[in-house]
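Accompanying notes for the structure given below.
The values are calculated or read from the model by the stated rules, or taken from the named source; none is laboratory data. Note that this is a predicted model, so its numbers are computed, not measured. We place every Cβ from the backbone using ideal geometry, glycine too, and count neighbours over all the protein chains shown.
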Amino acid sequence: MSEARSGAASYSADEIMTVTAARSLRDRMTCFVGIGLPSEAANLARATHAPNLVLIYESGTIGAKPGSLPLSIGDGILALTADAVVSVPEIFNYWLQPGRIDVGFLGAAQIDKYGNINTTAIGKDYAAPKVRLPGAGGAPEIAASCREVIVVVRQNLRAFVDQVDFVTSVGFGDGPGCRQRLGLTGAGPQKIITDLGVLEPDPRNQEFVLTAVYPGVPVSRVKDRTGWDLRVSASLAEIPPPAAAELSALRALLAAGPADQGADR
Amino acid sequence: MAEIVSLTAAIEAAVHDGDTVAMEGFTHLIPHAAGHEVIRQRLRELTLVRMTPDVIYDQLIGAGCARKLVFSWGGNPGVGSLHRFRDAVEHSWPAPLELEEHSHAGMANRYVAGASGLPFAVLRGYSGTGLVAQTPSIAEISCPFTGETLTAVAALTPDVAVIHAQQADRAGNVQYWGITGVQKEAVLAARRSVVTVEEIVDVLEPRPGAVVLPAWALGYVAAVPGGAHPSYALGYSARDNDFYVAWDAISRDRETFAAWLEQYVYGQQTSGQQTSGRGTGN
């Protein structure tokens with residue numbers, strides 16, 4: 001993990017990624033949270049600028065308020081602090097499917113220029129994969145039905161591929177009009193937040209383009225870690241470094257939470 | 001009608017070679033002790049069904065009990081890969097493992113259909129995903145009222161469902177609370193059922209959000225305190241996160257796994273307090 005330096009505070013690439021992801025959530029939003037980086041970011045948002053963020057985990061816990069990071073989507077603290085705990089069929093059928101949830105926060109093993117996500121298998125042959133990944137979980141329906149989706153993933157050539165080996169969760173499919181043809185009700189992925197910057201879909205062709213970088217990150221590095229010919233927005237922004245309060249809140253969360261094993265990222 | 005028996009007797013009576021077995025419990029209340037008993041009874045050729053075949057099915061797959069896995073997410077939650085699952089899929093060890101793969105919403109709805117006595121369930125899902133081409137139990141369906149294209153998933157009707165709950169009363173009525181998952185649907189979808197419980201009490205006190213399964217809808221009930229470990233039973237135990245982390249190293253290597261299995265599963269008695277697997281195998 002490389003250390004960047006800006007102003008008084010020193011922070012890691014992962015820290016500014018999580019802080020940036022947290023900033024993308026507004027107070028009182030409802031957020032369907034995956035485990036790992038998305039859960040860190042959502043809990044950071046709740047600990048800082050969005051105290052009334054409604055965290056929803058696929059275990060059926062609605063409005064969970066964990067004081068430290070849960071290791072799994074079903075930790076006891078989520079049930080004990082939730083506004084409501086519902087069954088698994090109910091969380092998907094009554095809460096997610098009708099489009100009640102504002103934002104879905106997902107991770108990815110592979111992601112392509114249309115924001116399609118693979119968490120199933122690496123390699124072109126499904127029956128004989130090079131690497132067998134965990135699979136779909138709740139992600140396909142989160143990607144389909146949340147009003148919008150934000151993806152948090154570390155940027156490298158293994159993850160950022162021209163075409164995913166397997167479409168587990170649909171982003172924009174093969175481009176404009178695809179979500180409508182497939183009957184997917186949500187707006188799809190609106191941001192990919194990485195450890196280098198932020199990618200957003202070009203409204204003209206829905207291809208993800210680089211719209212912001214972190215302080216000190218050259219565009220060439222982002223392009224080098226992207227498996228397609230990454231275009232750069234004409235109005236490329238620089239994301240402000242983490243504030244001291246954001247960093248201390250994140251570090252407190254991580255210190256109180258279980259160890260970050262990172263192996264499923 | 002529920003019979004209160006030992007765990008050994010319950011598994012002997014309810015689970016047979018070649019059965020389709022659903023062990024459910026969504027992170028919470030995972031029936032680990034029952035899974036160990038299935039391993040000890042050396043059951044073979046099972047079709048294992050579970051939304052999240054985490055550590056419990058990693059153990060059953062590595063022990064050679066499974067022929068096929070029906071699932072929606074096969075990882076060690078918050079930790080990483082399931083190494084025994086991956087070894088079976090990637091290298092056919094200890095035996096090839098056929099996969100039938102869904103999303104969580106699809107699996108949950110398949111249980112709902114099974115519990116409802118219907119041949120399939122309908123949902124918005126899967127369209128555009130690679131799962132449609134790989135999984136025969138997913139099909140497009142047209143709404144007879146609006147013509148909208150939706151997705152049908154075939155009902156799950158396991159031979160036996162196995163769950164863990166906090167309490168049963170002496171008549172065999174069962175109550176569980178906290179994260180209630182998909183266990184009610186799994187039990188009602190299955191032909192037979194085994195419920196392990198933390199304790200058997202005189203009276204089931206009402207609890208907020210609890211699910212009660214009446215004795216007449218159940219098969220076998222066995223008292224197995226701590227039977228969810230390393231998962232947890234709200235009000236009785238905490239999730240042993242350290243074990244989930246330790247499982248990564250135990251399961252990564254075939255020999256380490258075999259030694260763990262020998263010590264903590266084959267080498268354990270089934271009755272009384274469930275302690276197997278509490279160590280790290282090192």
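Only one residue in B:I163, B:I179 is within 10 Å of chain A (Cβ to nearest Cβ) and closer than 24 Å to B:H32 by Cα, so which one is that? None of the other options fit; the residue is B:I179. It is to be established whether one or more residues within segment B:66-82 are at negative phi, in contact with a His (Cβ under 8 Å, 6 or more places away or on another chain), modelled with pLDDT of 95 or more and among the hydroxyl-bearing types (S, T, Y). Yes, because at least one residue in segment B:66-82 is at negative phi, in contact with a His (Cβ under 8 Å, 6 or more places away or on another chain), modelled with pLDDT of 95 or more and among the hydroxyl-bearing types (S, T, Y). Only residues that are among the small types (G, A, S) and either touching a Leu at 6+ places or on another chain (Cβ under 8 Å) or at the interface with chain A (Cβ under 10 Å from one of its Cβ atoms) (or both): list them for segment B:46-82, please. Selection gives B:G62, B:A63, B:A66, B:S72, B:G74, B:G75, B:G78, B:G80, B:S81. Scan the helices (runs of 4 or more DSSP H) fully inside segment B:52-127 and keep the ones with 3 or more residues being farther than 21 Å from B:D253 by Cβ. Helices (runs of 4 or more DSSP H) meeting the threshold: B:104-116. Can you tell me which residue in segment A:64-104 is nearest to A:A255 (Cα to Cα), limited to those that are under 17 Å from the mean Cα position of the chain (by Cα) and modelled with pLDDT under 95? So the residue we want is A:L69. From (1) more than 7 Å from chain B (Cβ to nearest Cβ); (2) free of Cβ contacts under 8 Å to residues at least 40 places away in the same chain; (3) crowded, with 18+ Cβ neighbours inside 10 Å; (4) farther than 20 Å from B:G235 by Cα, pick out the condition that doesn't hold for A:G63. The single condition A:G63 does not satisfy is (3).
Scoring A:T81 on the criteria (1) crowded, with 18+ Cβ neighbours inside 10 Å; (2) more than 11 Å from every other protein chain (Cβ to nearest Cβ); (3) of a type in the set (V, I, T); (4) in contact with a strand residue (DSSP E or B) (Cβ under 8 Å, 6 or more places away or on another chain) leaves a single failure, condition (1).
Taking the condition of being more than 9 Å from chain B (Cβ to nearest Cβ) and assigned to a loop (DSSP other than H, G, I, E, B), how many residues in segment A:108-126 meet it? Summing the residues that are more than 9 Å from chain B (Cβ to nearest Cβ) and assigned to a loop (DSSP other than H, G, I, E, B) in segment A:108-126 gives 9. Every condition in (1) buried (at least 24 other Cβ atoms within 10 Å of the Cβ); (2) within 14 Å of chain B (Cβ to nearest Cβ); (3) over 29 Å from B:M51 (Cα atoms) holds for A:E141 except the one numbered (3). Considered as a group, the residues in segment B:188-243 that are surrounded by fewer than 20 Cβ atoms within 10 Å (Cβ to Cβ) and acidic (D, E) include one that is nearest to the other protein chains (Cβ to nearest Cβ), and that residue is B:D242. Within segment B:36-61, the residues that satisfy the criterion of being within 16 Å of B:D159 (Cβ to Cβ) and not charged (D, E, K, R) are B:V38, B:Q41, B:L43, B:L46, B:T47, B:L48, B:V49, B:L60.
One residue stands out in segment B:6-31 among those that are in contact with a helix residue (DSSP H, G or I) (Cβ under 8 Å, 6 or more places away or on another chain) and assigned to a loop (DSSP other than H, G, I, E, B): the one that is farthest from B:V79 (Cα to Cα), namely B:V15.
Might you let me know whether segment B:38-45 holds any residue that is in a strand (DSSP E or B) and either closer than 25 Å to B:W177 by Cα or assigned by TED's automatic domain parsing to the domain that holds B:R239 (or both)? Looking through segment B:38-45, none of the residues is in a strand (DSSP E or B) and either closer than 25 Å to B:W177 by Cα or assigned by TED's automatic domain parsing to the domain that holds B:R239 (or both). When segment B:88-113 is limited to residues that are within 14 Å of B:Y57 (Cβ to Cβ) and either facing chain A (nearest Cβ under 7 Å) or surrounded by 23 or more Cβ atoms within 10 Å (Cβ to Cβ) (or both), the one that is nearest to the chain's Cα centre (by Cα) turns out to be B:M107.
Rundown of residues vs (1) among the aromatic types (F, W, Y); (2) within 10 Å of chain B (Cβ to nearest Cβ); (3) out of contact with any His (no Cβ under 7 Å at 6 or more places or on another chain); (4) surrounded by fewer than 24 Cβ atoms within 10 Å (Cβ to Cβ), yes/no style:
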site	(1), (2), (3), (4)
A:S10	no, no, yes, yes
A:M29	no, no, yes, yes
A:F32	yes, no, yes, no
A:V54	no, no, yes, yes
A:V86	no, yes, yes, yes
A:L96	no, yes, yes, no
A:L106	no, no, yes, no
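For segment A:180-200, does any single residue satisfy the condition of being under 25 Å from A:G135 (Cβ atoms), assigned to a loop (DSSP other than H, G, I, E, B), among the hydroxyl-bearing types (S, T, Y) and touching a Ser or Thr at 6+ places or on another chain (Cβ under 8 Å)? Checked segment A:180-200: at least one residue is under 25 Å from A:G135 (Cβ atoms), assigned to a loop (DSSP other than H, G, I, E, B), among the hydroxyl-bearing types (S, T, Y) and touching a Ser or Thr at 6+ places or on another chain (Cβ under 8 Å).
Quick one: would you say A:P134 is outside any loop (DSSP other than H, G, I, E, B), at the interface with chain B (Cβ under 7 Å from one of its Cβ atoms), under 21 Å from B:N76 (Cα atoms) and touching a residue at least 12 places away in the same chain (Cβ under 8 Å)? Against the criterion (outside any loop (DSSP other than H, G, I, E, B), at the interface with chain B (Cβ under 7 Å from one of its Cβ atoms), under 21 Å from B:N76 (Cα atoms) and touching a residue at least 12 places away in the same chain (Cβ under 8 Å)), A:P134 does not qualify. Please work out if A:L157 is under 15 Å from A:K113 (Cβ atoms), assigned to a strand (DSSP E or B) and not β-branched (V, I, T). For A:L157, the condition - under 15 Å from A:K113 (Cβ atoms), assigned to a strand (DSSP E or B) and not β-branched (V, I, T) - is not met. Taken together, A:V222, A:V151, A:V213, A:V170 contain a single residue that is under 19 Å from the mean Cα position of the chain (by Cα), within 21 Å of A:E15 (Cβ to Cβ) and surrounded by 24 or more Cβ atoms within 10 Å (Cβ to Cβ), which is A:V151. Candidates A:I77, A:I91, A:I56, A:I73: the one that is under 19 Å from A:G137 (Cβ atoms), in contact (Cβ under 8 Å) with a residue 12 or more places away in the chain, in a helix (DSSP H, G or I) and in contact with a Gly (Cβ under 9 Å, 6 or more places away or on another chain) is A:I91. More than 18 Å from the chain's Cα centre (by Cα), among the polar types (S, T, N, Q) and surrounded by fewer than 22 Cβ atoms within 10 Å (Cβ to Cβ): is that true of A:Q190 in this structure? Spelling it out, it is not the case that A:Q190 is more than 18 Å from the chain's Cα centre (by Cα), among the polar types (S, T, N, Q) and surrounded by fewer than 22 Cβ atoms within 10 Å (Cβ to Cβ). Residue by residue through segment B:114-126, note down the ones that are crowded, with 24+ Cβ neighbours inside 10 Å and among the hydroxyl-bearing types (S, T, Y). Answer for segment B:114-126, where residues must be crowded, with 24+ Cβ neighbours inside 10 Å and among the hydroxyl-bearing types (S, T, Y): just B:Y126. One residue alone among B:G35, B:G25, B:G62 is over 14 Å from B:V187 (Cβ atoms), of a type in the set (G, A, S), buried (at least 21 other Cβ atoms within 10 Å of the Cβ) and out of contact with any Phe, Trp or Tyr (no Cβ under 7 Å at 6 or more places or on another chain), and that residue is B:G35.
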